[in-house]
Amino acid sequence: MIYREKGLFLQTLHPAATCAFTGGVVLLALVINHPLYLAALLVVCLAALAGLHALRSGAGLFLFCLPVVVLLLLINPLVAPHGTTVLWRGPFLPGLGSLTVSLEAVGFACGMALRLLAVLAAFLVYSAALNPDRVFNLFAGRAPRAAVIFLLALRVYPALLRDYARIREAQTARGVDFDAGSVVSRLASRMLVARGMLATSLERALEIAESMYARGFGSGPRTVYFTESWRPRDGLVLAGVLVAVTAGLLASLSGRAVYNYYPVLDPVFRWEALVPLGVLIPALLTPALLQWGWNRWLWLRSKI
Amino acid sequence: MALVEIENLNYRYPGGRGPALSGINLRVDEGEFLLVIGPSGGGKSSLGRALAGLLPRFHGGFFGGRLRCAGRDLGALQPRELARTVGIVFQDPEKQLIATTVEREVAFGLENLGLGRAEMRRRVAEVLDFLGLGHLRDSPVHTLSGGQQQKVCLAAALAMRPRVLVLDEPTSQLDPGGAEDFLHTLRRLNEELGTTIVLIEHRLERCFHLADRVVLLDGGKVLLDGPPAAVARGAVARGLPFVPAVTGVFARAGFAEPPLTVRDGRRLLRALESAPGVSPGGAGAGSGPAAPVAAVKKVWYVYPDGPEALRDCSWQVPGGRLVAVFGANGAGKSTLLKHLAGLLRPNRGTVTVLGRDTRAQNPARMARRVAFLAQNPGDYLFGDTVAGELKFSRRRLGVQPGAVEAVFRLLGLDRLRDANPRDLSVGERQLVALGALLVGGPEILLLDEPTRGLDPAWKQRLGRTLKDLQAQGKTVVVATHDIDFAAEWAEEAVVLSGGRVAGNGALPEVLEGALYYNSQVGRMFAGIAPVYTVPDAVRWLEARHRAAAAR
C-alpha cells in the first residue's frame, strides 16, 4: 500500500509517535502468543486503519496474504504431531508418519495466523499514516545518504509497478502470451518483462543520479529544511503505547498472557488474562479515539 | 557582456565512436535567451551537459578546450559552487524528482548547498509563488500533471539561484498545453528576472520567437549561429528542416525576412491575399469513403481506481487510410487504441477488429494482424541487437524468416543490425520497435504519440515510412498531439473529447476553422485559404509572390 495524503488527523502525528505505535503493536504481537491479545492487536490496528480511511485498500493486501494464512491453517495441523484432542486420523505417509489433525494444532495455527495478520495490519497503519518524506527527514540530519537511498527506494517502487504494467502490455502487443504454455515458458515470458524492467531501472537510476549531482548532492554537509514539532496528540499516543507495552510485557512475564496450545488448549477467557487486556486495548485505541474525537469536537482540536 | 565563454570545446563519451562535440566556440551573454537546435545526436544535450559542468565530471570521457562562466573555469569549480553557478532541467520530470512532495523537492537542492533554514524557507516560498506553484506546495509530486512536474523541476533549479539555466528538451514529454505553459514561464523568467537561459528544443514553433539567438548544432559542430530569422534562412538554404513551420513556409517561398509567429505570418498573408493564386491540393484530399476495418460501438471503459476513459464512444476505422486521433490529455486516445489492439476490453459496448469481437480474441494472437506501438519504444526492446529483436518477433509471431529481412529493407535499419537497441537515439528506437511489430505483417498499425521526442528530420522519416506502409494496403491510426505532423501525413482525423468522439472525417474538414486542433500553417491561413501543410503553403505563397512580382 502506498502512502496517500488525505489530510487526516492520524497523518499529522509526529513520525516518532507513529513509529512507536506500530513498533509497539509489532513487539507485543511477537512477544505474546495469547489469541485474545493477538485478536485485540489486530482490532486496534483495524480501528486505526478505519480512521485513516484505509480499510478498503488494506483489504486488498490482506487478501494477497490470504493464501499464506490458508497454508498455515492447512499445513501446521498436518505436520504438527502434538495435541491430544485428535480430530482426524489420516493414512501413513513415508517420511511424515501417520497424519493426525488435532484441535490443539488447529488452535496453534489460528494463533499464528492472527499474529501474522496483526503484524501485517501494523505495517499497513504505518504505510497509511506516515509520509515517507517525514521519515526521511527524521533521519536526514544524522544519516543523510542512507536517508536519500531510503527516499529513492520509496519513489522507485511505484515507478517499478508502472514499468511492469507498461512493459507487459508492450510485450503482449509483440505476441508474447503470458498465460499460455508450460510453467517454464510462462516464466521465460516474465523474464522478458524483468529484463525490460532492469534496463529501464538502470537508465532511470543513472538519470536520477545525474540530476542529484547537478543539484549539489554529495557536495558537502547538508542542512535540513523541515523540522517536526511534538504536540500533545503525540504525547497522548506515546503514553498509550507505553502503557500498553508495559501492561503486555508484564502480563507476559507474569504468565497471564501466556497461552498453552499443547498438549491441550488452555481456556481462552481467564480473568487473570482479561485484566491486563482491559488496560492494553484502550491504551492502544488512543490514536483511533483521538481521530474520532478530532472529527467531532472542536474543543479537542484546539487542545491537541 | 559574455557570461559564458566556450573556446574550442571537444568532447568524446567513454566508449564513444566519435566526438560528441567538436571545436565548439560560443558565447552566451548575460540575460540572453539562447535556443539550441539540431538533429538528434547532433550534440545538443552534450553541450547542455558541458555547460552544467557534468562533462566530464559525471560522465567521464575525453574533454578538451575551455568553458568559463562569469570569468571562472567551470572545471575548477567545487561541486557546490558549480550547482550555484549553472542549473539544469532535463527531459523527463519523472527521472529528476527525488522527494515526494513539491516543497520538499524544491528544498532538496538547498539542503545540499547547506543553507540555513530561514534562507531556505524564503527561497522556496519565493520560487513557488513566482512559478504559480504555491497552491501545490504540499501536493505529492506523482499527482501532478507532466507540465506541473516539469515546473517543479524548474523551481528546484531556480531556487539554487544559478547564473545560467540550461534546459535540455524540457517539453519533450509534455502535452501541448503543458509545453506552452512551461515555455511561457521561461519567457517570464528571462524578461522579468533577466535569467540567462540556454534552451535545447525540438518544438521549434513554440520557442523560436522567444529566443534572442539560435544555434544550430549538427555532428557536434556549430553549423549556424545568429538571430532566429537569419538561422531560419540559413537552415532552409541548406535544406535542413530545423525551422518552425510558419518561418519555414516563408523562407522556402523566398521571403527575405520570414516571420517567426503565426500573428506576423497572417499579416504578410493578408497583404498577399488579393493576388491570384492556385488552389491547394493537400495531404488531406480524401478519396471517397473506405470500408471500415474496425469498429468501436457504444464503448464505455473505466480504469480501476481511475476515471471514465471512454464514454459511449463509437467510431469506425476506415480501411487503408492514415488516420489521426486528436484530443487533450485524458480524452481517451490511448485507451481507444488499446481497445483496438485488444489490450483492453470494453466494460460495455463492442469493439470489432477485422470482423471479430476483441472480447473473443487473445491480444497476443491479435498482434500478428494488429500492431500497437505505445508511447515508450524502450518498453518493446530488451534484446542485445536490433537483429535479435526482430528475430524474436518473428519466432513469437510465427512468420517466415524472410519477414525480418523485408522489415530491414523497408525501414532502412541495415546499418543498425548489430547495434544494441538501448544505445540508439529516440528516433532509431522508435523505428526498431515499429520494425519488431511489422515483422508479423499486420494489417492495422496503431501508434500512440509516435513523434514524441523526435526531431523534425526523424518526423519526416517516420511520416514517409507510414505512407509506405499505407501504400502496401495497411491501415494506420496515429494518436497524436502533433497536429503539424498529422496535417502533413494523415488523410482522416477523429477528435476525442471526454472519452467521446467530438469530430470525425477527412482531415481538411476536421481542421477547417479549428482553433486548437489545427496545424501552425492552418492557424496562419485560417479564414484566408484552406491550407494546412508546409508544401501547400509554399505553393500558395510562391504563386502569389510571382503574381505580385508580375504586376
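The values are calculated or read from the model by the stated rules, or taken from the named source; none is laboratory data. These figures come from a predicted structure and were not determined experimentally. Don't worry about glycine lacking a Cβ; one is built from the backbone with ideal geometry, like all the others, and counts go over all protein chains shown.
Residue count for the range B:339-353 under the criterion of being surrounded by fewer than 22 Cβ atoms within 10 Å (Cβ to Cβ) and either polar (S, T, N, Q) or within 26 Å of the chain's Cα centre (by Cα) (or both): the result is 3. Residues that are in the same structural domain as A:Thr22 (by TED's automatic domain parsing) and surrounded by fewer than 16 Cβ atoms within 10 Å (Cβ to Cβ): does the range A:101-120 have at least one? No - not one qualifying residue is present in the range A:101-120. Filtered by the rule that a residue be buried (at least 23 other Cβ atoms within 10 Å of the Cβ) and either of a type in the set (D, E, K, R) or within 7 Å of chain B (Cβ to nearest Cβ) (or both), the range A:155-171 gives A:Ile167, A:Ala170. Only helices (runs of 4 or more DSSP H) whose full extent lies in the range B:43-152 are considered here, and the ones with at least 1 residues that are under 21 Å from B:Leu174 (Cα atoms) are B:44-51, B:102-112, B:117-130. Restricting attention to the range B:407-453 and to residues that are without any contact (Cβ under 8 Å) to a residue 40 or more places away in the chain and within 17 Å of B:Lys467 (Cβ to Cβ), the residue that is surrounded by the fewest Cβ atoms within 10 Å (Cβ to Cβ) turns out to be B:Arg409.
Just checking, does the range B:486-494 include any residue being out of contact with any strand residue (DSSP E or B) (no Cβ under 8 Å at 6 or more places or on another chain) and aromatic (Phe, Trp, Tyr)? No, that holds for no residue.
Looking only at residues in the range A:208-231 that are farther than 17 Å from B:Gly116 by Cα and under 26 Å from the mean Cα position of the chain (by Cα), the one that is nearest to the other protein chains (Cβ to nearest Cβ) is A:Ser229. Exactly one residue out of B:Arg117, B:Arg122, B:Arg161, B:Arg206 is surrounded by fewer than 19 Cβ atoms within 10 Å (Cβ to Cβ), in contact (Cβ under 8 Å) with a residue 60 or more places away in the chain and either at negative phi or in contact with a helix residue (DSSP H, G or I) (Cβ under 8 Å, 6 or more places away or on another chain) (or both), and it is B:Arg161. All conditions but one from (1) touching a residue at least 24 places away in the same chain (Cβ under 8 Å); (2) on the phi > 0 side of the Ramachandran plot; (3) charged (D, E, K, R) apply to B:Arg348; the one that does not is (2).
Within the range B:64-99, the set of residues being surrounded by 23 or more Cβ atoms within 10 Å (Cβ to Cβ), facing chain A (nearest Cβ under 7 Å) and in contact with a Leu (Cβ under 8 Å, 6 or more places away or on another chain) comprises B:Ala83, B:Ile88, B:Ala99. One residue alone among B:Gly473, B:Gly499 is surrounded by 22 or more Cβ atoms within 10 Å (Cβ to Cβ) and on the phi > 0 side of the Ramachandran plot, and that residue is B:Gly499. The set of residues in the range B:235-259 that are in a loop (DSSP other than H, G, I, E, B) and surrounded by fewer than 23 Cβ atoms within 10 Å (Cβ to Cβ) comprises B:Arg238, B:Gly239, B:Leu240, B:Pro241, B:Ala253, B:Gly254, B:Phe255, B:Ala256, B:Glu257. The set of residues from the range B:342-357 being within 14 Å of chain A (Cβ to nearest Cβ) and closer than 17 Å to B:Val302 by Cα comprises B:Gly342, B:Leu343, B:Leu344, B:Arg345. Just give me the residues in the range A:94-138 being more than 21 Å from B:His142 (Cα to Cα), within 14 Å of chain B (Cβ to nearest Cβ) and touching a strand residue (DSSP E or B) at 6+ places or on another chain (Cβ under 9 Å), in sequence order. Scanning the range A:94-138 gives no hits.
Kindly establish whether B:Glu103 is touching a residue at least 60 places away in the same chain (Cβ under 8 Å) and surrounded by fewer than 24 Cβ atoms within 10 Å (Cβ to Cβ). Spelling it out, it is not the case that B:Glu103 is touching a residue at least 60 places away in the same chain (Cβ under 8 Å) and surrounded by fewer than 24 Cβ atoms within 10 Å (Cβ to Cβ). In the range B:312-321, the condition of being in contact with a Pro (Cβ under 7 Å, 6 or more places away or on another chain), at pLDDT 95 or above and over 24 Å from B:Leu511 (Cα atoms) is met by no residue.
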